[in-house]
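The values are calculated or read from the model by the stated rules, or taken from the named source; none is laboratory data. Given the structure is predicted, the values throughout are model-derived calculations rather than measurements. Cβ coordinates were reconstructed from backbone atoms using ideal geometry, including for glycine residues, and neighbour counts include every protein chain displayed.
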Amino acid sequence: MSSTRLLPLLLLLSLGLPARAQDEAKRVFEPIAAKQAGFDAGKLAELDGLFADDVASGKLVGCLALVAHGDDVVYARTFGSQDREAEAPMTEDAIFRIYSMSKPITSVAVMMLVERGKLALDTPVAEYLPEFAQVKVLAGDKEVEPERALTVRDLLRHTSGLTYGFFGNTPVDQRYQKAGILTRSKDLAEFSQKLATLPLLHQPGSRWHYSVSTDLCGRLVEVASERRFGDFLAEELFAPLGMTDTFFTVPEDKRDRLAQMYRKGEDGLEPAGALSSWRFLNANGFDSGGGGLCSTARDYLRFAQMLLGEGERAGVRILEAETVREMTRNQLTELPGGARGFQFGLGVSIDRKGRYGWGGAAGTRFWIDPENDEIGIFMVQINPYTAGDYEGRMQRLVEQARER
């Protein structure tokens, strides 16, 4: 990108920031010229209006959008405020609660241990977590034996029979709520013990159902690696990839970069209460691999580039290419409609164009397009998320901008 084209972006980012923050913001992304990467710059610039208009109308307070082609960032913009009430503009190094975008990271950790022979996809979970040896399935008003064992693969692809407790109100969900599965477990070991006392919602492998499966994967990592889950991630994944701003608890010296959470109020978006940040600011012993990580667009881009590179980024190999291919192929083909409807791999969803990714409860989204060597990331903080389909609209504009 030429200095004349880059200058307006840098001026926008520097407004209201101290000198140190200005320097850091300038270094986070240095987009190359869109033309150089094979994009129509004018069409790609239409992304600006998509977000700026919604900030101006109050539909969004602030957000960050990024598009990368391989190793090169071709579009990176911040819009609106990181904290509207404090009059702090959104910055490129803002930290976001990524909620369920933690799941692909946890899934990669599991697959790292599969490669090392510490875990096996089709081995019963009970072989690693003995408390699951006696787990039952709720059928009507009776608890019955499972038709087959719950496996590690079931956890990764959400065919385990586990549930969440707050997305539905089945008898099993009600028992999750009463037990405080996610809210009153002091650590992953206690979480696993509690979970094993409750029946499964359906037979293992019989259907896809979004659940705490990925949190249980975190406990598998602990047992297989003999390390706390958060330590394994920090040492084996984040450090090698240079993901310096991804953690379960935001360090004291980085909390000024944690974006404010918003929610829908009577008069538009309003700040969410302090509870929306409590677990991200106070180490509580529960490393939620299903929804507990905070991260930045820069860090998540590095993680996504590793996946796009089939396990390798900048000379650092995290997974073998064959492992990434297994993660990103549809694992639901044997289920009703699985071959032609909703597709899910091991920790990521897959669309009909072969793009894969996932999102978080506060609106964060990422996708990877292997065929076109592209990555898209959208960061925002609205929970529950009430805004539009920015991922889909970004994808359509990027497709139009791609020069054939």
Would you point out the residue of the stretch 132-149, among those that are part of a loop (DSSP other than H, G, I, E, B) and of a type in the set (D, E), that is surrounded by the fewest Cβ atoms within 10 Å (Cβ to Cβ)?
-> D141
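Being over 15 Å from L129 (Cβ atoms), exposed (fewer than 15 other Cβ atoms within 10 Å of the Cβ), of a type in the set (S, T, N, Q) and at pLDDT 95 or above narrows it down to one residue among Q174, Q203; which is it? Spell out how you get there, then give the answer.
On the way: Q203 fails: exposed (fewer than 15 other Cβ atoms within 10 Å of the Cβ).
Q174 is the lone residue from the list that is over 15 Å from L129 (Cβ atoms), exposed (fewer than 15 other Cβ atoms within 10 Å of the Cβ), of a type in the set (S, T, N, Q) and at pLDDT 95 or above.
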If we take the stretch 307-385, then strands (runs of 3 or more DSSP E) inside it with 2 or more residues that are touching a Lys or Arg at 6+ places or on another chain (Cβ under 8 Å), over 25 Å from L155 (Cβ atoms) and of a type outside the set (K, R) are 374-379
Under 6 Å by Cβ, and 6 or more places apart or on different chains, what pairs join a residue from the stretch 54-65 that is under 12 Å from I382 (Cα atoms) and of a type in the set (A, V, I, L, M) with one that is modelled with pLDDT of 95 or more and not in a strand (DSSP E or B)?
-> L60/D54; V61/R84
Go through the residues of the stretch 122-131 one by one and say whether even a single one is out of contact with any helix residue (DSSP H, G or I) (no Cβ under 6 Å at 6 or more places or on another chain) and either in a strand (DSSP E or B) or on the phi > 0 side of the Ramachandran plot (or both).
-> yes
For the stretch 197-253 the number of residues that are over 22 Å from V152 (Cβ atoms), assigned to a helix (DSSP H, G or I) and aromatic (F, W, Y) is 1
In the stretch 220-235, the residues that are within 18 Å of L319 (Cβ to Cβ) and either surrounded by fewer than 19 Cβ atoms within 10 Å (Cβ to Cβ) or modelled with pLDDT under 95 (or both) = A234, E235
Check A189 against each of (1) outside the structural domain of F342 (by TED's automatic domain parsing); (2) over 27 Å from W278 (Cβ atoms) and name the one condition it does not meet.
-> (2)
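Going by the conditions given, is D256 out of contact with any Gly (no Cβ under 8 Å at 6 or more places or on another chain), under 18 Å from T244 (Cβ atoms), surrounded by fewer than 20 Cβ atoms within 10 Å (Cβ to Cβ) and of a type in the set (D, E)?
Spelling it out, D256 is indeed out of contact with any Gly (no Cβ under 8 Å at 6 or more places or on another chain), under 18 Å from T244 (Cβ atoms), surrounded by fewer than 20 Cβ atoms within 10 Å (Cβ to Cβ) and of a type in the set (D, E).
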Under 8 Å by Cβ, and 6 or more places apart or on different chains, what pairs join a residue from the stretch 146-160 that is more than 18 Å from V348 (Cβ to Cβ) with one that is in a helix (DSSP H, G or I)?
-> A149/V125; A149/A126; L150/V125; L150/A126; L150/F132; T151/V125
